[in-house]
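Contents: one structure, followed by commentary.
The values are calculated or read from the model by the stated rules, or taken from the named source; none is laboratory data. Everything quoted here is computed from the prediction, not taken from an experiment. Note that we place each Cβ from the backbone using ideal geometry, even for glycine, and neighbour counts take in every protein chain shown.
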Amino acid sequence: MESPPQAGWRGKQAVELYVRTYTTMLQSSGDIKVESLVHAHLAMGSVLHPLAAEAQVDMGALLYAIRRLPSAIVRSRRVIMGQSPQGFRAVIGADILSWQAVKAPARRRKWYEKGDTLAVLIASPSDIDDLVPTLVAFQIEWNKMHRLLQDVPLNDADARSAAGAGEEDWHRLRQTWGDDFDANLARIKREECRIVIRLIGGSHLGYARNASRWWQPIAAAMDEMGMREAPIYFVSSNAHSLVNVFTGVARQFEKDILDFVRTRDPELDEERRKLEAGHSRASRYNWMYYGARELFDQHPERNRLRSQRAEMEKTNGIRHIPAKGTGVDSATQVFKISQLDPAAIDPRVGPVDESKLRASGACIVNVDYPLGLAAYHILRQVAEHSAWVAGVYVLGKAATLNAEVGDVMIPNAVYNEHSGNTYWLDNCIAAADVQPNLVYGSALDNQRAVTVRGTFLQNRDYLDMYYQGRYTVVEMEAGPYLDACYEITQPDRYPLGESVNMAKVGFDLGIVFYASDTPYTQARTLGARGLSYRGMDSTYAAAIALARRILRQEEALPARSMG
């Protein structure tokens, strides 16, 4: 019987063979058939695609793939990946920016459609590691369903039975495809899926150039705010949590939110009634923040409401900078700390010293968290063009090998598969900072995290090997961020394959994850289901801890002058 280390090494080799296969094939100047990658995909034995080799449709993997690809993938048979619109123009003579812009429900990327071709802008090699296995999984499951539906009427009961899908998964597929469900099912029955892919560019310099273009409008906004030389607290999180915590703007739309939820979202309205009756332990603030997302995204007068919100946030010293024209699809917010209103800050943050707040000369740069290696290029740009980095904080999703969905995990060690480095941290966030506002989950500190290449690129043996080494958190951004942190304080580029002590880096360093899936149980993930209302619990417990930490850091410092 194989020992765990031997099995783990075998699992690691299967993943590396898969990555090497598509990486070397994509060096070609022509199209590559996705079909030619199926064997390596099956041999890898992905925990995210456990039924890949079975005749039965793997609905979990299919739903995961569909949510990370634009709906146009159903009618597209060619996918071209590139670093910039200029690269597409130079190589294939196409102005992709004139094509139809399309989006994926659960993965931020700039996609463009024309005919049966999809063009996608990529920000780092992690986009390739994410996209290629997703496309392979999509094609595998499409073709399984194609075979199973051949002699079956396309009514719900018969089609679902033929696919071997449960009622919940079938309902989720119908929700995802919406009005196109029947047409998509008919297309699956009618034709096989045969996708070809191509990579244009893919150089390290090209990715760095993308990050530089991404930074330019942010620098311009900071100039306008008088923050160009300000010390920066860099935060990688999402586009909603810190804004809500620091401004309370969502709470100022309470009547609009209540009216909208009553008529549009019965389930969320039921949560409100439980809260008001004392039958739910959840936070009303979190309920309000979640309701605000629905209000600003779905209300018939959302443009007017968004305009009002933007004015309120601007008064609070916050600017939103959308990502435009590059493969880095991460919007950014800049917070001028001295302009925040202490009375509007979420009460769970605790007391705020207004005099210290007004005296602050620092700002917060909050980036909608990027994917994988793009994190390195983003933080390097921010650090390279800022006067001083006062803190780096990472709040993101991760898989957990020992906890439950919704738990919060705080590492003191991170192994990065990309660089081979192991980083040992003095994490400024502890379980005690998060647990008081975490209603449903647990906060686990002193964990070990591993930064992997991609969500599909793990198998059971590989995960077992990490678990044997007490690595319990599986994620994609911390390692690249730490590679960049190394370069902020050291005279050389980050090393390869070393153990690095990050206990004294000269700036505040905090890394927090909330568990979004549990690969050992093959449970449905938050990614497959979409971020639920309950997912707000861990997100906001962590965001409040980060907000409190930043404010306490400023209160502990002498007044900064921007003169």
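Key figures for this structure:
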| item | result |
| --- | --- |
| Some residue of the range 416-426 being in a loop (DSSP other than H, G, I, E, B) and more than 29 Å from Ser46 (Cβ to Cβ) | yes |
| Residue ID - surrounded by the most Cβ atoms within 10 Å (Cβ to Cβ), chosen from residues in the range 439-464 that are out of contact with any Phe, Trp or Tyr (no Cβ under 9 Å at 6 or more places or on another chain) and closer than 27 Å to Ala282 by Cα | Ala443 |
| Matching residues, the range 433-467, being touching a Ser or Thr at 6+ places or on another chain (Cβ under 7 Å) and aromatic (Phe, Trp, Tyr) | Phe456 |
| Phe296 being assigned to a strand (DSSP E or B) and either of a type outside the set (Ser, Thr, Tyr) or touching an Asp or Glu at 6+ places or on another chain (Cβ under 9 Å) (or both) | no |
| When residues of the range 75-95 are limited to those that are among the β-branched types (Val, Ile, Thr) and surrounded by fewer than 18 Cβ atoms within 10 Å (Cβ to Cβ), the one nearest to Gln27 (Cα to Cα) | Val91 |
| The range 520-543 - residue that is closer than 30 Å to His49 by Cβ and modelled with pLDDT of 80 or more and, of those, surrounded by the most Cβ atoms within 10 Å (Cβ to Cβ) | Ser538 |
| Any hit, the range 277-290, residues being surrounded by 18 or more Cβ atoms within 10 Å (Cβ to Cβ), touching a residue at least 60 places away in the same chain (Cβ under 8 Å) and charged (D, E, K, R) | no |
| Options Asp464, Asp445, Asp433; residue that is closer than 19 Å to Val15 by Cβ and not hydroxyl-bearing (Ser, Thr, Tyr) | Asp464 |
| Failed condition for Glu267, given (1) in contact with a helix residue (DSSP H, G or I) (Cβ under 9 Å, 6 or more places away or on another chain); (2) surrounded by fewer than 16 Cβ atoms within 10 Å (Cβ to Cβ); (3) part of a helix (DSSP H, G or I); (4) at pLDDT below 90 | (1) |
| Within the range 302-393, helices (runs of 4 or more DSSP H) holding 3 or more residues that are over 16 Å from Trp215 (Cβ atoms) | 302-315, 354-359 |
| Enumeration of residues in the range 47-74 that are crowded, with 17+ Cβ neighbours inside 10 Å and of a type in the set (D, E, K, R) | Asp58, Arg67, Arg68 |
| The lone exception for Thr472 - which of (1) surrounded by fewer than 21 Cβ atoms within 10 Å (Cβ to Cβ); (2) within 29 Å of Ala282 (Cα to Cα); (3) hydroxyl-bearing (Ser, Thr, Tyr) it fails | (1) |
| Whichever residue in the range 37-63 is in a loop (DSSP other than H, G, I, E, B) and among the β-branched types (Val, Ile, Thr) and, among such residues, is nearest to Asn143 (Cα to Cα) | Val57 |
| Every residue from the range 201-230 that is in a loop (DSSP other than H, G, I, E, B) and touching a strand residue (DSSP E or B) at 6+ places or on another chain (Cβ under 9 Å) | Gly201, Gly202, Met225, Gly226, Met227, Glu229, Ala230 |
| Failed item, numbered, when Pro495 is tested on (1) buried (at least 16 other Cβ atoms within 10 Å of the Cβ); (2) in contact with a helix residue (DSSP H, G or I) (Cβ under 8 Å, 6 or more places away or on another chain) | (1) |
| Residue within the range 351-370 that is surrounded by 20 or more Cβ atoms within 10 Å (Cβ to Cβ), out of contact with any Pro (no Cβ under 7 Å at 6 or more places or on another chain) and either free of Cβ contacts under 8 Å to residues at least 12 places away in the same chain or closer than 30 Å to Asp464 by Cα (or both) present | yes |
| Some residue of the range 38-46 being loosely packed, with under 14 Cβ neighbours inside 10 Å and not small (Gly, Ala, Ser) | yes |
| Candidates Ala383, Ala432 - the one that is free of Cβ contacts under 8 Å to residues at least 12 places away in the same chain and either among the aromatic types (Phe, Trp, Tyr) or surrounded by fewer than 24 Cβ atoms within 10 Å (Cβ to Cβ) (or both) | Ala432 |
| Single residue of the range 232-259 satisfying the filter (over 26 Å from the mean Cα position of the chain (by Cα) and touching a residue at least 40 places away in the same chain (Cβ under 8 Å)) that is surrounded by the most Cβ atoms within 10 Å (Cβ to Cβ) | Phe253 |
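Conditions tested, residue by residue: (1) modelled with pLDDT of 95 or more; (2) within 16 Å of the chain's Cα centre (by Cα).
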residue: Tyr376; (1), (2): yes, yes
residue: Val382; (1), (2): yes, no
residue: Trp388; (1), (2): no, no
residue: Pro411; (1), (2): yes, no
residue: Tyr415; (1), (2): yes, no
residue: Asn427; (1), (2): yes, no
